[in-house]
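**Q** Please see the structure below; I have some questions.
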Amino acid sequence: MEPKPVKSTITVMTELVMPNDTNNLGNLMGGNLLRWMDIASSVSAMKLCGTQVVTAAVDSVSFREPILLSDVVCIEAQVTRTFNTSMEIYMEVFRESLKNPGRKKSNVAYYTFVSLDGEGNPQAVPSVIPETDEEKERFAGALRRRQLRLVLAGRMKPEEATELKSLFLKDVVG
């Protein structure tokens, strides 16, 4: 499989917050935003692998700025790094108010997807090539985030998480 540049996975999705998307305070319901983020990140993942994908993990979602009724939501997603059959997608969510022009970052998140073959089984994915400093930084940090996800899910023993240990212990041999 031929590696692809991160920029080939960039996906931008825009939504208008309508009354049925909000809670009784007029704020976008978090579940609706998570659904939109899942759609944007899955498109990014499919751009890389050209197959169906499934969500494997949702983590590090932070809510910084409320999104209000009639705001425009812009979700920007891109693959940060791939592993064997999985890939990590980074997203930034911006809100734009029609009353007060200008974008404000509302959320950031990391999602993990797995590529599926025609039978619904996990399959290998191409690697990504980070080109910008930001892409290289996210690429480098992806292994630590992956190990943390696996440790928290009970799928990796903490002592096996060499990238995480190297953050806290000097002279760790992996």
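**Q** Quick one: length gained pulling Arg35 to Ile10 fully straight, 0.36 nm per residue minus the C-alpha distance?
**A** Extending this stretch completely gives an extra 7.2 nm.
**Q** Going by alpha carbons, how many degrees (0 to 90, nearest 10) lie between the helix axis of 30-49 and the longest principal axis of the chain?
**A** 50
**Q** Quick one: what do you get for the chain if you divide its Cα Rg by 2.2 N^0.38 Å?
**A** 1.13
**Q** Select from Gly102, Cys49, Thr11 the residue farthest towards the positive end of the dipole of the chain; place +1 on Cβ of Lys and Arg, -1 on Cβ of Asp and Glu, and compute about the Cα centre.
**A** The listed residue farthest towards the positive side: Gly102.
**Q** Checking the cross-link filter: which lysines have an alpha carbon closer than 17 Å to that of Lys136, excluding same-chain neighbours under 8 positions apart?
**A** Those lysines meeting the cut-off are Lys4, Lys7.
**Q** Ok, one more. Within segment 124-170, list the trypsin sites (Lys or Arg not before Pro) lying in a DSSP loop whose Cβ has at most 11 other Cβ atoms in a 10 Å radius.
**A** Answer in residue order: Arg155, Lys170.
**Q** Could you pull out every residue, at least 5 positions away or on a different chain, whose amide H is within less than 5 Å of the one on Ser127? Hs are placed 1.01 Å off N in the peptide plane, and Pro or chain starts have none.
**A** Lys4
**Q** Quickly rank 80-88, 95-103, 10-18 as a protection proxy: mean count of other C-beta atoms within 10 Å, highest first.
**A** 80-88, 10-18, 95-103
**Q** Find how much the distance from Asp117 to Ala153 grows on full extension, using 0.36 nm per residue of separation minus their present alpha carbon separation; answer in nm with one decimal.
**A** 10.5 nm
**Q** Can you list residues whose amide H is under 5 Å from Asp71's amide H, if they're 5+ apart or on another chain and H is modeled 1.01 Å from N?
**A** Val17
**Q** Here is a further query. Residue-wise, which Karplus ³J(HN,Hα) couplings in Hz belong to segment 73-90, taking 6.51 cos²θ - 1.76 cosθ + 1.60, θ = phi - 60°, and x for glycine or proline?
**A** Rounded to whole hertz, the list is 9, 10, 10, 10, 10, 7, 6, 9, 6, 10, 10, 6, 10, 10, 8, 9, 10, 9.
**Q** Something else now. How large is the dipole of the chain about the Cα centre if only Lys and Arg carry +1 and Asp and Glu carry -1, each at its Cβ, rounded to the nearest 20 debye?
**A** Its charge dipole is roughly 320 debye.
**Q** Right, next: Could you work out how far helix 133-152 tilts from the main Cα principal axis of the chain, as a 0 to 90 degree angle to the nearest 10?
**A** 80
The numbers here are math on the coordinates, done by the rules we state, and not lab data. None of these values were measured; they are calculated from a predicted model. All Cβ positions, glycine included, derive from the backbone under ideal geometry; neighbour counts span all protein chains shown.
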